[in-house]
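Enquirer: Attaching a single structure in structure tokens format; questions to follow.
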Amino acid sequence: MEEFQEKLEKIRQGGGPKRIEKQHAAGKMTARERIDYLVDPGSFVEFGAFVKHRSTEFGLDKVEAPADGVVTGFATINGRLVGIASQDFTVLGGSVGEMHGIKIAELLDKAMLYGVPVIMINDSGGARIQEGVDSLRGYGDIFYRNVKASGYIPQIAVIMGPCAGGAVYSPALMDFVVMSPSSYMFITGPNVIKAVTGEDVTKESLGGPQVHATISGNAHLVGDSEEHTLDLVKELLSYLPQNAKERPPIYETADPINRTIDDVFDIVPAEAKMPFDVRQLITRFVDDGHFFEIMPGFAPNIVIGFARLGGQVIGIIANQPSYFAGVLDINASDKAARFIRTLDAFNIPIVTLVDTPGYMPGTNQEYGGIIRHGAKLLYAYSEATVPKVTLILRKSFGGAYLAMASKHLASDVVMAYPTAQIAVMEATGAANIIFRKEIQNAPDPEKAREEKIREYREKLLNPYVAAARYYIDDIIDPRATRPMIYNALQIAKSKDIHEKLPKKHGNMPL
């Protein structure tokens, strides 16, 4: 027993007191401290604590690596079982070797078998170079299982230190990436970039959390501290089911479902060109005013996130009129399409709020592939089989009308405010095209233009034409937004899509 206790304590000490002190000095918790903070007290059951590497090259035969630099096991978070792998930077820099990779791969295998989410806490210098191709095998085993588990169990990557080289592809294959302030991700580091391209760049400006949260779109959430980062993971888990065969947990709420939004007319201006923050509307109709936004800093012209309605989890996709008028562009299409597929995989109903003038024009967008990227949004909505409820607030023009969960893409219920404008394009542009000759030949072209714009608005730029064609199921009183969306979701809740074409999968325009 003394020998056992000595070995166990040595393993729990990781790289030893000096390296632990260095980790703390950098403002970082150790691998085990992170697990202890994240999980319910006393619930963690570790697997593979006594695993050792078997490498002998370059002096590794003389190096001890407790738990081979990664702590793996299962625990509960708010009473729900999860699998956890936490890389230990105090042990060989958290580098991934053969046994390190095997431990994570087996954790993923068991998580799939038990049908529970996986949290991977990354803090690693990368592949263990001394182990050669065996370390690469470790990465390959992990990547394969990330893909195998995709869409079946939720996978959350938490970046809490370095994550470089091939290591970045595991987070990229997972459902969500959450970064701490001291973390960074990149394929090639500053030294390589300097040698190859001559660029001078720091780790933070190359792959820090703000870069990935606002420019690359690789990070879904960023914490203010390590503790806050792990708190975000806890809340994120509360919106997700254990696996694709289950629905997310339902929470009781004292918020009345028939509550009206009496100040809705102060939030959503009737004039379509006046901007407003769509998040103000979202927080008015969801339970207790709480909206958990995902990727808030990337492609802010579209808003995505989780909320609850009547205690049930919903996913929200909304155009943001306060940023570029809510226009759809490459990044917004990618952001929304990815989120829609995540919601569909995990049985989370989709609520779409529409207020967009269309797709972004310009050579940058066309050269960047807006056709392909924009098609992802069409594909994701069409493919999704969960309940889909759409509410058109104001602008809804052209291809963007179709792409934003229109009835033509099999949305279950499509509603509109009386302020909705549904047409091929906005009034000024339409009048200039349709009545071009009449305006040019008129004695007073400006007066004629205004008359034609007014005529177009009266005849087409309203929700009633679409409602007459049954492209809209209902035009609603905006004050009743909360009960109307809730009732629509309840109606679609029991739908069963069982007819599928005999094919392996569709070919999404990636």
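Enquirer: Helix-derived [θ] at 222 nm for the chain: sum -39500 (n - 2.57) over DSSP H runs of at least 4, divide by residue count, nearest 500?
Expert: When only DSSP H runs of four or more count, the value is -11000 deg cm²/dmol.
Enquirer: For N78, what charge total do you get from the other residues with a beta carbon under 14 Å from its beta carbon, if Lys and Arg give +1 and Asp and Glu give -1?
Expert: Residues near N78 contribute -1 overall.
Enquirer: Let me make sure I get this right: for the chain, a, b and c are the square roots of the gyration tensor eigenvalues over alpha carbons, sorted descending. Under 1.5 in a/c it's rounded, otherwise prolate if a/b > b/c, else oblate. Which is it? The partial results should precede the final answer.
Expert: Details: a/c = 2.55, a/b = 1.94, b/c = 1.32.
Here the chain falls in the prolate category.
Enquirer: Next question. With axes computed from alpha carbons, what is the tilt in degrees of helix 2-12 against the longest principal axis of the chain, rounded to the nearest 10 within 0 to 90?
Expert: 40 degrees
Enquirer: Full extension from E252 to E458: what is 0.36 nm times the residue separation minus their Cα-Cα distance, to one decimal in nm? List each step's numbers first, then the result.
Expert: On the way: separation 206, 0.36 × 206 = 74.16 nm, distance 4.53 nm.
Net length gain for the segment: 69.6 nm.
Enquirer: Now a separate question. When we measure straight from the Cα of K447, which lysines land under 17 angstrom away, once same-chain ones fewer than 8 places off are left out?
Expert: By straight Cα distance, K447 reaches K437.
Enquirer: For the pairs K148/K388; K7/K52; K10/K62; K234/K335; K103/K203; K335/K376, flag any whose C-alpha to C-alpha distance is greater than 19 Å.
Expert: On the way: K148/K388 27 Å; K7/K52 12 Å; K10/K62 16 Å; K234/K335 22 Å; K103/K203 29 Å; K335/K376 10 Å.
As for pairs spanning more than 19 Å Cα to Cα, those are K148/K388; K234/K335; K103/K203.
Enquirer: Could you work out the relative contact order of the stretch 2-238, using alpha carbon pairs under 8 angstrom and six or more residues apart, expressed as a whole percent?
Expert: 14 percent
Enquirer: Does anyone have the angle between helix 481-492 and the longest principal axis of the chain? Alpha-carbon axes, 0 to 90°, nearest 10?
Expert: Helix 481-492 sits roughly 70 degrees off the main axis of the chain.
Enquirer: With +1 assigned to the C-beta of every Lys and Arg and -1 to the C-beta of every Asp and Glu, and no other charges, what is the dipole magnitude of the chain about the Cα centre in debye, to the nearest 20? If you can, show how the numbers build up before the last one.
Expert: Working: 54 positive and 61 negative charges, 261 e Å.
Dipole about the Cα centre, nearest 20: 1260 debye.
Enquirer: Ranked highest first by average number of other Cβ atoms within 10 Å, how do 486-498, 338-350, 433-445 line up?
Expert: In descending order of packing, they fall as 338-350, 486-498, 433-445.
Throughout, read-outs are computed from the coordinates displayed, never taken from laboratory work. Since this is a predicted model, take the numbers as computed values, not measurements. As a convention, Cβ positions derive from the backbone with ideal geometry for all residues, glycine included, and neighbour counts pool all protein chains shown.
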